[in-house]
Amino acid sequence: MQLPQGLAYAMLAAVPPVYGLYSSFYPVLLYTVFGTSRHISIGTFAVISLMIGGVAVREVPDSMFLLNGTNVTAGVDIDARDARRVQVAVALTTLVGLIQLLLGVLRFGFVAIYLTEPLVRGFTTAASVHVFVSQLKYLFGVKTKRFSGPLSVLYSLIAVFKDITSTNISTLIVGLLCIVFLYGVKDINERFKKKLPIPIPGEIIVVIVSTGVSYGMSLFENYQVDVVGHIPTGLLPPTVPDLSIFPNLIADAVAIAVVGFSMGISLAKIFALKYGYSVDGNQELIAMGLCNFVSSFFQTFVITCSMSRSLVQESTGGKTQIAGLLASLLVLLVIVAIGFVFQPLPQTVLAAVIMVNLLGMFKQVRDIPALWRTSKIELAIWVVSFVASVLLGLDYGLLVAIGFAILTVIYRTQSPRSIILGQIPDTGLYCDIDEYEEATECSGIKIFHCNSSIYFANCDLYVTNLKERTGIDPTQLLAVRKSQQKQAKKNGERKDSNHSTVQKRNAVAKLDIELGVAHEVLDEAQKQVEVVSNGQVSKAQAESDSEEAHFLQPLCQVHSIILDFTPVNFMDSVGAKAIKAVMKEYATIDVSVVLAGCNRTLLSDLRRMQFFSGPVTPDIIFPTIHDAVLHCQHRRPNLPSPAVQ
């Protein structure tokens, strides 16, 4: 598999086929010494090769090497163009190796975790679309230019279908026969893998047989079937890559370095888990960095592990990297001795090898219904990764996918689930009152739980959810109290005006007496005035006493709120200020707020941010919710128990 895939993936990388053989030899030797995985097969890989090819075509377009005339497909100096593209691919490989080495030395092996599995699977499925479309011109035998960048898939399809009438029928027949044969062999290997001692090596059979048929029937001379062509014999001497083009390749190198490493480490961990050993992510970075950096001086392009080759190597009994080493030695034999044998190999055969090897990646589309049932957010990551990589190209698509995945993390922390906890009777357990019927709220205490850390992006939402879930908003309660006080003041002013009216009537009565009004009339008026006066005064006094008693009552029946910080891993300064502010806000209505379940790291962060200053003291911290509940019950044991409405 190393041999046919090395030849085929070199076409994807836009370099002559022999460079795929070089890339299947040198890196394998180095990984045998420095790698930590026993089962993965290091060498060329379709996705990485296609990314390299996109960069090479972008930096060295066909238009740079036009001969006399304007026909791009026929009037190009092929040798000069290919030589320049090899320089770009080699320089890119050197840069990728340096980046991986640097990340490994700095112990950045964890970077692969940012490429979540749905993202990688969506990305590789999109890469399969790119690879498949790029091989259509070889399958049909049409001459079209190679496209890269955004919408390159559409441009390639349009170009192929525009020239579909010039299809080489012989090339198409050979390619289709190879596809049918390879697919049949793969199906047999899958169906009878337990009965077959080793998988049928369909790819090398196709390469050998088609090479013999092409040589015997002179397919290139008689039927114009494009073949691999000249394969130089022997190894090339080491040369220094062209450093002048490094600045143009940095962004591409970072993307390829991360994708290549993530492919390798993910597959290495799968085999390590299956066979009970461990792999070191940082050492894997260093190993791949050395493979790419050192090998680039011998004219190779970027490598990583191949899933299909790794599975075949494992299923045929390969238990160490010696299996890969032996395969690389056979590739060396082809390079130094018998490479010329494969010169008549039709390019459509290599296209067939590539297309059939993509079947496993295309099957990843089955992830969509599974993700729909399990996680809509992960489904969105898969779809965005796929669509962006198909339309924008693999480099920009990967950046968009990573950015979207990070946004989903922010979205999840910004939209946490918040609940109120209640106590299971006669235990120290506290559960969601909406899910557990036996969970009951403690009298006068609200226990608020939110499954997220608290930082600048979600602290406002945390405070809002706290007020909504507990049903206690200090601002609203104080506003109601203020409104009541205003109303009471207005009622007091009205009573004062009534009292002044009574006083005026008393004055009139006195004046009537002085003027000699009859004593009977005076006595009757005096009695009415006294009754009115005494009634108004006594009523006003009673209402005043009731209002005073009303405003001395607490604004709510809850006297304590417990914030469950068990799920809080970290809190930044903005979040700390928000929590401190809400504690002061609740203090204005005589509701105390305490914290439960803080871990040591969080407590250290709070001390460093001077959270415990002013009215907020370390006394509000409790190791468990139950401890906090006991404290709050001891604080106000005699308060009435009705819940807040």
#### Entry: Residue list for segment 441-467, filter: in a helix (DSSP H, G or I) and of a type outside the set (Phe, Trp, Tyr)
459, 460, 461, 463, 464, 465, 466, 467
### Query
Inside segment 1-65, counting only helices (runs of 4 or more DSSP H) that do not spill past its ends, which hold 1 or more residues that are more than 33 Å from the chain's Cα centre (by Cα)?
2-12, 18-23, 26-34
### Task
Output the residue which, of all residues in segment 143-187 that are over 38 Å from the mean Cα position of the chain (by Cα) and part of a loop (DSSP other than H, G, I, E, B), is surrounded by the most Cβ atoms within 10 Å (Cβ to Cβ).
168
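If you scan segment 368-413, which residues turn out to be of a type in the set (Ser, Thr, Tyr) and in a helix (DSSP H, G or I)? Give the derivation first.
Initially, segment 368-413 is screened for residues of a type in the set (Ser, Thr, Tyr), giving 374-375, 385, 389, 396, 408, 411, 413.
Listed by number, the residues that qualify are 374, 385, 389, 396, 408, 411, 413.
Return the residues of segment 26-38 that are of a type in the set (Phe, Trp, Tyr) and farther than 12 Å from residue 296 by Cα; say none if nothing qualifies. Quick ask: steps written out before the conclusion?
Initially, segment 26-38 is screened for residues of a type in the set (Phe, Trp, Tyr), giving 26, 31, 34.
Of everything in segment 26-38, those that are of a type in the set (Phe, Trp, Tyr) and farther than 12 Å from residue 296 by Cα turn out to be 31, 34.
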### Summary
Of the candidates 256, 245, 265, the one satisfying the condition of being in contact with an Asp or Glu (Cβ under 9 Å, 6 or more places away or on another chain), modelled with pLDDT under 90 and crowded, with 16+ Cβ neighbours inside 10 Å is 265
### Query
Which residues, taken from segment 225-257, are out of contact with any strand residue (DSSP E or B) (no Cβ under 7 Å at 6 or more places or on another chain), among the aliphatic types (A, V, I, L, M) and part of a loop (DSSP other than H, G, I, E, B)?
228, 231, 235, 236, 240
### Query
Is one or more of the residues making up segment 61-81 surrounded by fewer than 24 Cβ atoms within 10 Å (Cβ to Cβ) and modelled with pLDDT of 90 or more?
no
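Counting just the residues of segment 570-619 that are assigned to a loop (DSSP other than H, G, I, E, B), polar (S, T, N, Q) and surrounded by 12 or more Cβ atoms within 10 Å (Cβ to Cβ), which one comes out nearest to the chain's Cα centre (by Cα)? Break it down into steps so the answer makes sense when it comes.
Taking segment 570-619 as the starting set, the residues that turn out to be assigned to a loop (DSSP other than H, G, I, E, B) are 570, 572, 588-591, 597-599, 609-617.
Filter once more, so that each one left must be polar (S, T, N, Q): 588, 599, 610, 613, 617.
Narrowing the set further to residues that are surrounded by 12 or more Cβ atoms within 10 Å (Cβ to Cβ) leaves 588, 599, 610.
Numbers: 588: 42, 599: 26, 610: 33 Å.
The selected residue is 599.
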### Query
List, please: which pairs have Cβ atoms under 8 Å, are six or more places apart or on different chains, and start with a residue in segment 391-413 that is aromatic (Phe, Trp, Tyr) and end with one that is in a helix (DSSP H, G or I) and surrounded by fewer than 16 Cβ atoms within 10 Å (Cβ to Cβ)?
411/377
### Residues (buried (at least 17 other Cβ atoms within 10 Å of the Cβ) and of a type in the set (Val, Ile, Thr)) located in segment 360-382
381
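When you look at residue 267, is it without any contact (Cβ under 8 Å) to a residue 24 or more places away in the chain and assigned to a helix (DSSP H, G or I), yes or no?
Details: without any contact (Cβ under 8 Å) to a residue 24 or more places away in the chain: no; assigned to a helix (DSSP H, G or I): yes.
No.
The values are calculated or read from the model by the stated rules, or taken from the named source; none is laboratory data. The structure presented is a predicted model; accordingly, all values stated were derived computationally and were not measured. Reconstructed Cβ throughout: ideal geometry from the backbone, glycine too, with neighbour counts over all protein chains shown.
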